[in-house]
Amino acid sequence: MKPATMPRRRCCAGATTIEFALGLLIFLTFALGIMDFARMLFTWNAAGEVTRYGARYAAVCDDMTKQAEVLAQMQQLLPQIEEIEVQWSRADGVACTPSTCEGVTVGIKDLDYQWISPIAGAVAPLIPMPKFSTYLPREVMRKDPHSGAICP
């Protein structure tokens, strides 16, 4: 063993640890950012699917007065939803009754995305997502032969 190599290793051991810690910090920041972005895309896709499901539920089961039931069904799939709007319509724009409505539009209002990564969460704590809405034509309410389990 050479005497010159022993002191050299001792003087550089702390520098390697610090370099590793800094590199790990940068790597984890990028990894958490990528996972958070993927989670945001998942939430975006889920919101679109939930509006489709809510419109389907409203078109088959709703009697135009139970918007809370549609919201409850949608919150089972995406709990972040706090407020929706359900609009029944006719092609001519006249107010409609359950027997004369031709379709329903269900939309999510004020859906915000919450970051979980610490750096992005400090910079932009909430990201407002666009309004999601889906229109479906009305079916025979509560009598859909293809879906016996959708209505409670």
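The values are calculated or read from the model by the stated rules, or taken from the named source; none is laboratory data. This structure is a prediction, so every number in the text was calculated from the model and none was measured. Heads up, the Cβs are rebuilt from the backbone with ideal geometry, glycines too, and the neighbour counts pull from every protein chain shown.
Brief remarks follow.
- With respect to (1) surrounded by 10 or more Cβ atoms within 10 Å (Cβ to Cβ); (2) at pLDDT 85 or above; (3) over 23 Å from the mean Cα position of the chain (by Cα), the lone exception for GLN75 is condition (3).
- Residue under evaluation ALA47, criteria (1) within 25 Å of ILE127 (Cα to Cα); (2) free of Cβ contacts under 8 Å to residues at least 12 places away in the same chain; (3) of a type outside the set (D, E, K, R), criterion not met: (2)
- Failed item, numbered, when ASP63 is tested on (1) modelled with pLDDT under 90; (2) surrounded by 12 or more Cβ atoms within 10 Å (Cβ to Cβ); (3) touching a Pro at 6+ places or on another chain (Cβ under 9 Å): (2)
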